[in-house]
Amino acid sequence: DKICLKEKIIEVMYLLIEINDSYKLFKQLKKSKRKYLDVMNISPAFFTIVNHSLEYTFILGLSKLYENDNKTMSIHKIINICENCADLFPNSREIVYQGEDGNTVVYTDKITIDIHNDIREMRNLVGSLDDQINSLKGRRDKFYAHNDKGYFANIDKLVKEYPINYNDLDLLISTADKVLNKLLSDLCGEEYLTYHKNYNDIEKIMKILNVT
């Protein structure tokens with residue numbers, strides 16, 4: 001039913017939130033290193049372990065999110081599920097907002113929903129990321145998940161054969177955000193923020209340590 005389908009979309013969204021939080025904190029720590037190097041050198045092993053853990057979390061998580069099989073609850077699978085449950089999606093939705101007086105206002109115009117067209121656009125959008133996804137899964141298979149000796153001892157080979165950068169990771173995350181929130185919006189008119197706003201509160205810790 002509709003509630004069950006919504007829960008499945010949110011299940012995949014929770015994975016994206018974990019990925020996004022880890023990725024944003026990872027970048028924040030890299031940024032903080034330039035500003036608080038002396039503070040981080042107080043416990044270099046700790047920050048090294050945290051960085052590696054965050055990196056493994058978002059790389060393996062993104063690989064799972066873009067897995068294309070029938071077992072993993074991924075972007076591909078949730079799109080397929082929604083396509084099979086297309087009859088649960090409305091054809092239109094009223095535009096509702098809360099006025100300054102606190103009363104609910106309903107526009108006479110409605111939002112038209114075409115789930116089949118939206119799903120085609122989502123598949124095209126995900127399909128445009130084949131190069132990024134292949135590099136991501138290559139790094140997972142050769143380094144992060146299996147520690148292939150030919151790559152573990154030769155990082156340059158890994159980078160050359162499976163190139164991926166911050167822009168690629170940003171694109172993978174933002175695309176997942178667009179797809180999941182579009183499905184949720186089409187289904188029930190809701191959208192979720194796909195990261196916690198306080199992901200960068202590590203800055204507060206750095207400031208305190210810097211003073212002491």
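Select from region 145-202 the residues that are hydroxyl-bearing (Ser, Thr, Tyr) and under 22 Å from Ile78 (Cβ atoms) and list them in ascending order.
At the first step, the residues of region 145-202 found to be hydroxyl-bearing (Ser, Thr, Tyr) are 151, 162, 166, 174-175, 185, 192, 194-195, 199.
Residues satisfying the conditions are Ser174, Thr175, Ser185, Tyr192, Thr194, Tyr195.
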Filter region 134-187 for residues that are over 26 Å from Ile9 (Cβ atoms), touching a residue at least 12 places away in the same chain (Cβ under 8 Å) and not hydrophobic (A, V, I, L, M, F, W, C) and give the result.
Ser135, Gly138, Arg139, Lys142, Tyr144, Glu161, Tyr162, Pro163, Tyr166
I'd like to check something: does region 191-202 contain any residue that is open to solvent by less than 70 Å² (accessible area, probe 1.4 Å), in a helix (DSSP H, G or I) and closer than 24 Å to Ser22 by Cα?
yes
Somewhere in region 155-170, is a residue touching a Ser or Thr at 6+ places or on another chain (Cβ under 8 Å) and part of a helix (DSSP H, G or I)?
yes
Is it the case, given these coordinates, that Asp131 is in contact with a strand residue (DSSP E or B) (Cβ under 9 Å, 6 or more places away or on another chain) and in a helix (DSSP H, G or I)?
no
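If I ask for residues that are in contact with a Leu (Cβ under 8 Å, 6 or more places away or on another chain), buried (at least 18 other Cβ atoms within 10 Å of the Cβ) and not small (Gly, Ala, Ser), which ones from region 4-28 would you list?
Leu5, Ile9, Val12, Met13, Leu15, Leu16, Ile19, Tyr23, Leu25, Phe26
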If you check Asp101 against the conditions, is it out of contact with any helix residue (DSSP H, G or I) (no Cβ under 8 Å at 6 or more places or on another chain), part of a loop (DSSP other than H, G, I, E, B), open to solvent by 50 Å² or more (accessible area, probe 1.4 Å) and not hydroxyl-bearing (Ser, Thr, Tyr)?
yes
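The values are calculated or read from the model by the stated rules, or taken from the named source; none is laboratory data. This structure is a prediction, so every number in the text was calculated from the model and none was measured. Glycine also receives a Cβ, built like all others from the backbone with ideal geometry; neighbour counts cover every protein chain displayed. These area figures cover heavy atoms from the full protein model, side chains too; ligands, DNA and RNA do not enter into them. Shrake-Rupley method; radii C 1.70, N 1.55, O 1.52, S 1.80 Å.
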